[in-house]
């Protein structure tokens, strides 16, 4: 057991820090709360592009990508170290996560030589921004139930349908799109994956406002989009296999990302010093102390769980079973901490103007956390995955598995 | 970054799994629960014979001089086996107390006997007011101890007790009391886990000798280290409860299929798993902090304790529920886990004391 970097890791960290010091400013805590992956406006997208281009030029983009695809051939642990270090600086949100973390690796495995040449370099430098056109109004957790249709038309395809919960679609240039090419076979067997351009007038992205007030995701309407067959990623009717590659990389990107985004239990201690409860500083109140202690214990547990994941990566192994608990526990923890922060801040929490930073902050935490419990696999899906894949419990009975999609 | 075990440590675990699997079966645990004396002397002797009781005792004192990580592995395997042995009092508290605070003479006279399994030292730290050094009311004057300690586990089996009591200046310190000495009265209590007997010990002018290195800070560090090791025992226990329950719900049929295929059941097992793994992560950090003498030990120990308590309570309670009616019977295994979980809580105190300890550390 050793929590310290080994010599190679320490050297990599020092190099990363040196470059970041020369090119960015360390956060001082005064920055507005921002999402780590979503831009709020066009100006932020522009800043993100600029930052990505500088990283790419200096050799800090696509760290884990193989060198043949323009990456650095770095180890996953080095990517984690980079993420930790970059997280200390006031840098724009990483709107390239889907392109570099999900789409790139999928194209490397399933793409044609031509697709690799056109997609990969531009994803790396930040010229292209990718979104993931998977979920639909009638298919989220049950992704293979999507209804967007892709029909053969001469040499190409015509695609129509609707996608939803598409993060960043309103500023993305490209999308990886899963469509149903054959409804006459069971649902997993009639899917095909495509790479599409969002600038096509047949695609319209409409931002959806979330309960937090922000609008980082979209509904996307696709109305007779014509694409050549060269836009197909992977074989016809092999879209599920391709999607699994993307989803596997999504889980991997999440597992090496920051384990505990958002507020920390220490921030609740700071708040509890500033506010009163029962006529004395809240930090002296037994119940307040107990709640904060429990939040701390859970948050530390998640942080150290990410170290266990790093250990697997450091040894060149895939993240182990422990990696699956982070997402399940983090959303709930953030939600409870947000609610407690609001209560601690007092009745003002419900009605305050944004000027009262404390109050706005915990309200924002509380109102964004429900999304963490849904996006990328709901709590229920996570529990089923743990139950079936880790504990080996018998699967759900699936009545639609061997039935043609058109018969469902 | 290496947050895992070495090959040698994995080998130690495999050896211990086998040894405890041979001696400390669940049948033995049932048997000890019925017996007048809960102590599983055969397993303790087997551990001594294998050299495991001297794991963290220096070679010159009859041990093998290994470290905290190896001791944590032993704790987890004892927890998994439900062995009715005094791990926490003897190996979690008495040994490190004597090692870090005792004189060389005390080390020479007591540690070899512990390694050989001859000497059992009970931990008489707690009083009705709690475990924290500041709560101690027992008093030593002119090397004679007066006061009441409760609960003390394995008191009847122990030759000595490690006692927390105030010195003449009112400072809490640790002392060694010979339990065959004058003024000692041991009154058996009725613990929830009869496999680890509990007692109240009254001292009235009992001769004691001090551990000269003991002071409130050192006692706090001792409790921190013991809490980390206890967290491993708790994880071992909870992990075994999860395995037992997983096996049961895969077999048990209802409505034409195994009950483990129902989400209502499956998701509770997933929650058990998540709580156990969260506790394991904190315990890993805790044992690293213990082994490397990192300044974050107090915080690491408290968070390890808190998540381990939560994981154990949830896992052991759900184990009974998910077994249905059979889980509520005396003859079945689930209640052994529930009882041991409460026992492990009693040994180092409940969550509230550790929450306060954590906040005291973070907010000071």
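Read-outs throughout are calculated quantities, based only on the coordinates presented, and are distinct from any laboratory measurement. All figures in this text were calculated on a predicted structure; none of them were measured in a lab. All Cβ positions, even for glycine, are placed from backbone atoms using ideal geometry, and neighbour counts span all protein chains on display.
For this structure, a couple of remarks:
- Principal-axis tilt of helix B:297-322 within chain B, Cα atoms, nearest 10 degrees: 40
- Alpha-carbon Debye profile of the protein assembly as shown, log10 I(q)/I(0) at 0.07 Å⁻¹: -0.60
- The range A:198-259 - Kirkwood radius from inverse mean 1/r over Cα pairs (Å): 14.8
- Computed E for residue A:46/residue B:292 - FRET, C-beta separation, R0 41 angstrom, nearest 0.05: 0.35
- For chain B: relative contact order, % (alpha-carbon pairs under 8 angstrom, 6 or more apart): 16
- A viscosity of 0.692 mPa s and a temperature of 37 °C, combined with the Kirkwood radius over Cα pairs in Stokes-Einstein, give a translational diffusion coefficient for the range B:80-145 of 240 µm²/s.
- Rounded tilt (10° steps) of A:42-58 against the dominant C-alpha axis of chain A: 80
- Ellipsoid equivalent to the range A:1-125 - semi-axes via the Cα gyration tensor, in Å: 24, 21, 12
- Percent antiparallel among DSSP beta bridges (both partners in chain A, rounded to 5): 90
- For the protein assembly as shown, the mean residue ellipticity at 222 nm estimated from helices alone is -15500 deg cm²/dmol, where every DSSP H run of n ≥ 4 contributes -39500 (n - 2.57) and the total is divided by all residues, rounded to the nearest 500.
- Helix A:76-86 and the longest principal axis of the C-alpha atoms of chain A enclose an angle of approximately 50°.
- For the range B:251-309 versus the range B:165-232, the spacing of their alpha-carbon centroids is 30 Å.
- Across peptide B:261-267, the mean count of Cβ atoms from other chains lying within 10 Å of each residue's own Cβ comes to 5.
- Considered as an equivalent ellipsoid built on the Cα gyration tensor, the range B:217-362 has semi-axes of 33, 14, 11 Å, the largest given first.
- Residue A:22 versus residue B:329: modelled label distance in nm, points set 7 Å from Cα along the beta carbon direction: 7.4
- Convex hull volume per residue in cubic angstrom - Cα atoms of the range B:121-214: 84
- Each distinct pair of alpha carbons in chain A adds a 1/r term; the inverse of their mean, the Kirkwood radius, is 22.9 Å.
- Normalised by the number of residues in the range B:7-115, the average gap of Cα pairs under 8 Å and 6 or more apart makes the relative contact order 32 percent.
- Using a cutoff of 8 angstrom between alpha carbon atoms and counting only pairs six or more residues apart, the relative contact order for chain A works out to 13 percent.
- The spacing between the range A:173-233 and the range B:45-95, judged by their C-alpha centroids, is 60 Å.
- The share of Cα pairs per 10 Å bin across the range A:130-247, counted from zero up to the longest distance, runs 15, 49, 30, 5, 0 percent.
- One Cα centroid belongs to the range A:298-316, the other to the range A:44-105; the line between them spans 21 Å.
- Rounded FRET efficiency, nearest 0.05, which uses the C-beta distance separating residue A:4 from residue A:278 and R0 of 51 Å: 0.70
- Both radii were evaluated on the Cα set of the range B:275-314; the Rg over Rh quotient, with Rh as the Kirkwood radius, amounts to 1.01.
- Ranked by how many other Cβ atoms sit within 10 Å of their own Cβ, fewest first, the residues A:113, A:204 fall in the order A:113, A:204.
- log10 of Debye I(q)/I(0), alpha-carbon scatterers only, for chain B at 0.09 Å⁻¹: -0.48
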